[in-house]
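Participant: For reference, the structure I am asking about is given below.
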There are 2 protein chains.
Amino acid sequence: MRATLLYGERDIRSEQVPDPVLSGTGRDAVVRVTAACVCGSDLWPYRGVTHPDVPRRIGHEFVGVVEEVAAGVTRVRVGDTVIAPFYDCCGVCANCVRGVTTSCLELGWWGGEDHWGHATDGGQGEFVRVPHADGTLQVVPGTPDPELIPSLLTLSDVFLTGHHAAVSGGVGPGSTVAVVGDGAVGLSAVLAARRLGAERIVAMSRHADRQAVARSFGATDVVAERGDEGVAILKDMFDGIGPDAVLECVGTKESMDQALRSARPGGQVGFVGVPNGGPELPMRTMFSTNVGVRGGVAPVRSYVEEILPEVLDGSLAPGAVFDREFALSDAADAYRAMDERRTIKALLRP
Amino acid sequence: MRATLLYGERDIRSEQVPDPVLSGTGRDAVVRVTAACVCGSDLWPYRGVTHPDVPRRIGHEFVGVVEEVAAGVTRVRVGDTVIAPFYDCCGVCANCVRGVTTSCLELGWWGGEDHWGHATDGGQGEFVRVPHADGTLQVVPGTPDPELIPSLLTLSDVFLTGHHAAVSGGVGPGSTVAVVGDGAVGLSAVLAARRLGAERIVAMSRHADRQAVARSFGATDVVAERGDEGVAILKDMFDGIGPDAVLECVGTKESMDQALRSARPGGQVGFVGVPNGGPELPMRTMFSTNVGVRGGVAPVRSYVEEILPEVLDGSLAPGAVFDREFALSDAADAYRAMDERRTIKALLRP
């Protein structure tokens, strides 16, 4: 089969690799991927900010159709359309049952290793072996309209990561919200905040194309300024004290600082940007302002059942974050377009 | 009048100072203190960990009777028994109305300065001028039973600070909770967690006298171990993953580390320990575990109305944290007893 591999800084290749086979645990499925995509977090190793061992399979977001299941798989069936979260989880451990599936006691990552030590496929490939098929895969009832595929694919990571930012930030009916980051996750956080009933949502963005998506997703205001100026504008917009929630969707020291300083006293920062460069939080500031910080790697598998019906009935269309499509074999072009910010988010079709 | 002053490291003196007079803002009251106390946070400057300018008035917890009010004071009347929070707040600004009275836009501190730049009295004195009398003082209806005074005094700071830890930690019915710190605040947090419906409450304590108070306040378990061993024991006690909430009531790097590592994935640290020594929070750990951190300086004025009736009807008796009483003139002895951990919390009677 064809799969995408990272070979080093800005070196993505589409290559033939062996087809996946069931591992022998009795709990696998093999999924034929119908759509995958490139994540902002894929750009960290692509840009050489992080340095995983290479070559390695890459990609962690996909939807597809189940091709094969092992004997012990009971919930997922051959022929099912499925959404995979960006990780593999058992669904039954102490953390999974509490809705923290990203802390599954048998957690596995795509393009890494499963709980049993078997290598796993990347999501940007034609097929993927799914180690805990029953715990991991969300079955989509029936055969979804092909036009829904982009929106369904966002439930693999990006929309539900934005949703996690909003949930972690305590967004609810009437909330005032600012979103730091106008990447696909930030835009998704805008949509998620609107869905949760936020009254006013400020997208912090300098790019006209992204501002347009933000407004279509429910942003009531756009602020292009950053740093001290951005903080001052946000404070001014909300009674001189700032919004209730700030959703940090970048992961840099600057973006977290922006978020922490912008939230009103007693407010909350919901963060989902992967912290790269290791910013640490200033306790003393948090103490004096009572601004809470909550978030992390989004337990998307725990959210998908709640959100899926709204995508299927068309009331929620998070797929608008995809503004370019590429053939899987052109994954290198997709990475380049993302890296150069010529696209918000690139969808890959095998 | 007599007041308590800090002169330097382990140098507390009881001295005669001028009686307070109304400042001219029209919003003051003068309160005759009937009971005050020594706070764990008073020990930071006492021990020379922090270095405020000295000599300075000290103490920030008191109950008393209103002696005099300025012309613009409408809610508080001469003769009222009142509880003062450990700060002075207007009650009507954007932060106060949102329940974050510790971020009042006209905030003042006892033994410091008020919003208008006038020096303020310390709480450990015979009289205190209260700059925003209407916003700051909680009136206690009628004339409370003298036996209730210690419990009423805890609403000035210590019990409601413990309550803030529990609220910030998201404690609710059925929660599992661990409390780091067996000082008066930690013990109060145990009681607050029980009041909020926690199912199981672990007090982390090595001292028999404090363990006894913790159990009387509702602790179901006591763990004496700390560090890696303490974390491992807590994980074991709760499905191998740890409790839902950990309440950090100390303020050191070690105690915050203990709290962060003990909470279950997706759990929450509620913190009220004043961060001394500037521990910073490890973002990467918070990201991977989804453990949230929320808390800070407790907006006790915003909680007191809810809790006061339970103290008045005797159903809540947080005053048991006071295990020693001293005359106000013997404040130096009270500080010594607190510093040497010969008392959990010392009450001062003018």
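Participant: Does A:TYR87 fit the bill of being over 19 Å from A:ASP330 (Cβ atoms), crowded, with 21+ Cβ neighbours inside 10 Å and hydroxyl-bearing (Ser, Thr, Tyr)? Full working, then the answer.
Facilitator: On the way: over 19 Å from A:ASP330 (Cβ atoms): yes; crowded, with 21+ Cβ neighbours inside 10 Å: yes; hydroxyl-bearing (Ser, Thr, Tyr): yes.
So A:TYR87 fits the description; yes.
Participant: (1) farther than 23 Å from A:ARG194 by Cβ; (2) at the interface with another protein chain (Cβ under 9 Å from one of its Cβ atoms): which one isn't true of A:GLY267, the others all being true?
Facilitator: Answer for A:GLY267: the failing condition is (1).
Participant: Restrict the check to the range B:174-190 and report whether at least one residue is within 14 Å of chain A (Cβ to nearest Cβ), on the phi < 0 side of the Ramachandran plot and under 17 Å from the mean Cα position of the chain (by Cα). Spell out how you get there, then give the answer.
Facilitator: Step one: of the range B:174-190, the residues within 14 Å of chain A (Cβ to nearest Cβ) are B:174-176, B:185.
Now restrict to residues that are on the phi < 0 side of the Ramachandran plot: B:175-176, B:185.
Narrowing further to those that are under 17 Å from the mean Cα position of the chain (by Cα): B:185.
Checking the range B:174-190: at least one residue is within 14 Å of chain A (Cβ to nearest Cβ), on the phi < 0 side of the Ramachandran plot and under 17 Å from the mean Cα position of the chain (by Cα).
Participant: So which residues in the range B:59-77 are of a type in the set (A, V, I, L, M, F, W, C) and either within 14 Å of chain A (Cβ to nearest Cβ) or farther than 21 Å from B:LEU153 by Cβ (or both), if there are any at all?
Facilitator: B:VAL69, B:ALA70, B:ALA71, B:VAL73, listed by residue number.
Participant: Restricting to the range B:36-62, count the residues that are under 24 Å from B:GLY91 (Cα atoms) and not in a loop (DSSP other than H, G, I, E, B).
Facilitator: 2
Participant: Which of (1) facing another protein chain (nearest Cβ under 7 Å); (2) at pLDDT 95 or above does A:MET283 not meet, given it meets every other one?
Facilitator: Condition (2) is where A:MET283 drops out.
Participant: Suppose we filter A:LEU43, A:LEU6, A:LEU22 for residues that are surrounded by fewer than 24 Cβ atoms within 10 Å (Cβ to Cβ), more than 29 Å from A:GLU305 (Cβ to Cβ) and among the aliphatic types (A, V, I, L, M); which single one remains?
Facilitator: None of the other options fit; the residue is A:LEU43.
Participant: I would also like to ask the following. I'd like the full set of residues that are buried (at least 23 other Cβ atoms within 10 Å of the Cβ) and either within 12 Å of another protein chain (Cβ to nearest Cβ) or in contact with a Leu (Cβ under 7 Å, 6 or more places away or on another chain) (or both), limited to the range A:90-123.
Facilitator: Across the range A:90-123, the qualifying residues are A:ASN95, A:CYS96, A:VAL100, A:THR101, A:THR102, A:SER103, A:CYS104.
The values are calculated or read from the model by the stated rules, or taken from the named source; none is laboratory data. Treat the numbers as computed from the prediction; the structure is a model and nothing was measured. Here Cβ is always computed from backbone atoms with ideal geometry, including for glycine, and neighbour counts include all displayed protein chains.
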